[in-house]
Amino acid sequence: MADRIVSVNAYTTFTLLDGELEGHGWRTDAPAVVNVTRADDGDGVVLEFELDNTAADGVPAHADRLALSAAEARELAAELASYADRVAD
């Protein structure tokens with residue numbers, strides 16, 4: 001992944017997942033990095049998501065970050081677990 005913005009190291013949550021870029025009238029697959037970390041001020045959780053911009057023309061290198069409170073992070077985790085259970089069944 002060229003021009004990576006999200007740091008990838010031994011502590012990164014997920015590296016090189018199957019991702020997808022989508023815009024109006026187009027869609028393409030792209031490798032993805034997803035990371036969960038504590039906010040710099042220690043008062044929350046940050047979910048980072050980056051897709052390889054070299055997979056699609058005209059998409060500048062960027063990463064998306066979502067700031068969550070501890071309660072929101074737990075709610076998201078529960079929702080993910082619920083859908084994972086549905087897939088496993």
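Each reported figure results from applying straightforward, stated rules to the coordinates on display, with no laboratory input. Since we're looking at a predicted model, the values are computed, not measured. We place every Cβ from the backbone using ideal geometry, glycine too, and count neighbours over all the protein chains shown.
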Note to self: C-alpha centroids of the stretch 1-43 and the stretch 49-81 sit apart, in Å, by 7 Å
What is the extension gain from Y11 to L80, computed as 0.36 nm multiplied by their sequence separation minus the C-alpha to C-alpha distance, in nm to one decimal?
22.8 nm
Extreme residue, positive dipole direction of the stretch 14-88, given options G44, A71, P60 (C-beta unit charges):
A71
Within the stretch 13-35, backbone nitrogen closer than 12 Å to the virtual label 7 Å beyond the Cα of R4 toward Cβ:
13-17, 32-35
Within the stretch 44-81, backbone nitrogen closer than 18 Å to the virtual label 7 Å beyond the Cα of V36 toward Cβ:
44-50, 64-81
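Applying a 10 Å radius around every beta-carbon, put 29-36, 59-66 in order of their mean neighbour count, most first.
With the highest mean Cβ count within 10 Å placed first, the list reads 29-36, 59-66.
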Pairs of alpha carbons in the chain whose separation is greater than 16 Å (percent):
62 percent
Computed over the Cα atoms of the stretch 32-83, what is the convex hull's projected area averaged over all directions, in nm²?
4.5 nm²
What does the charge count around T12 come to, taking other residues whose C-beta lies under 11 Å from its C-beta (Lys +1, Arg +1, Asp -1, Glu -1)?
-1
Quick check: net charge around H62, other residues with Cβ under 14 Å of its Cβ, Lys/Arg +1 and Asp/Glu -1?
-3
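With an 8 Å cut-off on Cα pairs and a minimum separation of 6 or more residues, tell me the relative contact order of the chain in percent.
24 percent
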